[in-house]
Ligand SMILES: [Zn+2]
């Protein structure tokens with residue numbers, strides 16, 4: 001046995017015994033933009049060195065063949081294409097913005113190849129998981145060991161020959177976001193995990209891991225298999241952000257409605273379920289080939305997450321499946337802000353203005369403005385300013401809170417003193433709470449709209 005090592009950092013695996021694993025944290029390729037390097041199809045460059053015991057054409061064919069193993073899983077969206085030959089310069093000094101397959105004669109003894117994925121700031125939500133977006137993968141093969149084609153490793157006289165196809169398939173599996181089905185130091189009772197291409201080790205003169213097994217395929221379908229998507233639109237002037245009541249609608253694009261099963265026997269999705277995330281009943285729409293938009297009205301302030309589940313039964317995709325897509329924080333319904341503050345004299349006409357406005361849902365209030373003695377031109381935009389007035393006495397202070405639910409002012413007179421407030425607090429009014437205390441402390445309060 002020799003190691004099919006990986007150079008992936010932080011390969012802490014989830015404590016589950018269900019076979020295939022995502023790398024931790026989960027990462028995957030996005031499949032929505034063929035013109036981009038960081039999207040499927042993977043556009044890989046190869047180093048121009050030819051590994052020991054190989055010829056150049058076999059090398060190129062087997063690299064493509066290794067990618068195609070992942071692409072030929074039923075329902076898989078994985079595709080890869082050769083994008084050119086580079087001078088062979090293997091190193092790990094990434095991140096690289098393109099995928100590179102190179103060859104290195106001086107890898108540690110026993111390491112056939114190693115893989116790294118590089119992620120960028122993107123997020124790929126897919127079937128309920130938020131994946132980091134893979135920008136590129138780098139795989140380095142040990143060019144100094146004996147490599148062979150599928151025929152070579154099955155030759156009865158095979159001696160010490162490593163399957164280039166099996167190793168490539170394993171390493172590209174890492175580059176697609178998969179960890180090992182079992183690690184060297186963990187119990188591995190299930191044959192499906194031990195025989196997986198993503199098992200941590202492989203044998204020489206053994207072609208059995210050149211083909212993905214059911215465990216590898218289940219992982220592929222989870223990350224690159226059946227997926228649904230939807231369009232969320234607000235029907236009001238400000239889209240999906242605004243004051244309640246807020247009307248939205250969910251549309252399932254026709255490409256998902258009309259998608260066929262792998263064998264062409266029917267539509268892949270038999271129904272769609274929409275969850276608007278506000279506790280209302282989920283809306284289930286049967287897919288008879290015509291799925292009208294589903295609309296909904298939000299009535300109270302919050303951030304909501306809309307989830308659409310596509311349900312289907314496709315033998316080739318592993319039978320019954322749920323494909324889930326969420327749009328997080330897509331809808332922000334906001335009430336009109338209710339600005340409020342308290343004032344504390346610090347001495348020498350200096351006043352601390354304490355913002356007590358309820359903030360509501362995150363993001364609803366976008367701006368606070370303090371207007372002192374009616375002077376809008378010198379208004380302060382600090383959340384909680386401390387201000388020194390020119391002279392003691394009565395001063396008028398307005399706090400304006402503005403955001404997606406509108407804008408409102410709270411104006412009151414405060415008594416500015418040359419000496420600090422001593423031992424006096426807003427609770428002076430007794431047990432009836434801060435607002436009454438504030439009232440007693442500050443004198444006349446009025447609220448203007
Ligand atoms: Zn590995």
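Quick rundown of the values:
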| quantity | calculated |
| --- | --- |
| Every residue from the stretch 99-120 that is within 16 Å of the ligand (Cβ to nearest atom) and assigned to a strand (DSSP E or B) | 101, 111, 113, 114, 115, 116, 117 |
| Test: residue in the stretch 72-95 that is in contact (Cβ under 8 Å) with a residue 12 or more places away in the chain, more than 16 Å from the ligand (Cβ to nearest atom) and assigned to a helix (DSSP H, G or I) | no |
| Strands (runs of 3 or more DSSP E) contained in the stretch 311-405 and holding at least 2 residues buried (at least 17 other Cβ atoms within 10 Å of the Cβ) | 319-334, 341-347, 350-355, 365-372, 393-403 |
| Qualifying residue in the stretch 209-227 (condition: without any contact (Cβ under 8 Å) to a residue 60 or more places away in the chain, surrounded by fewer than 21 Cβ atoms within 10 Å (Cβ to Cβ) and under 30 Å from residue 163 (Cβ atoms)) | yes |
| Helices (runs of 4 or more DSSP H) enclosed by the stretch 121-212 - at least 2 residues per element that are within 16 Å of the ligand (Cβ to nearest atom) and in contact with a strand residue (DSSP E or B) (Cβ under 6 Å, 6 or more places away or on another chain) | 164-176 |
| Hits in the stretch 1-30 (condition: under 19 Å from the mean Cα position of the chain (by Cα), in a loop (DSSP other than H, G, I, E, B) and modelled with pLDDT of 80 or more) | 21, 23, 24, 25, 26, 29 |
| Test result for residue 135, surrounded by 15 or more Cβ atoms within 10 Å (Cβ to Cβ), in the same structural domain as residue 98 (by TED's automatic domain parsing) and in contact with a helix residue (DSSP H, G or I) (Cβ under 8 Å, 6 or more places away or on another chain) | no |
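Residues are listed down the side, and each one gets a yes or a no for (1) surrounded by 17 or more Cβ atoms within 10 Å (Cβ to Cβ); (2) under 25 Å from residue 150 (Cβ atoms); (3) out of contact with any strand residue (DSSP E or B) (no Cβ under 6 Å at 6 or more places or on another chain):
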| position | (1), (2), (3) |
| --- | --- |
| 39 | yes, no, no |
| 43 | yes, no, no |
| 46 | yes, yes, no |
| 55 | no, yes, yes |
| 62 | yes, yes, yes |
| 73 | yes, yes, yes |
| 80 | yes, yes, no |
| 94 | no, no, no |
| 102 | yes, yes, no |
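The values are calculated or read from the model by the stated rules, or taken from the named source; none is laboratory data. Computed from a predicted structure; not experimentally measured. Glycine also receives a Cβ, built like all others from the backbone with ideal geometry; neighbour counts cover every protein chain displayed.
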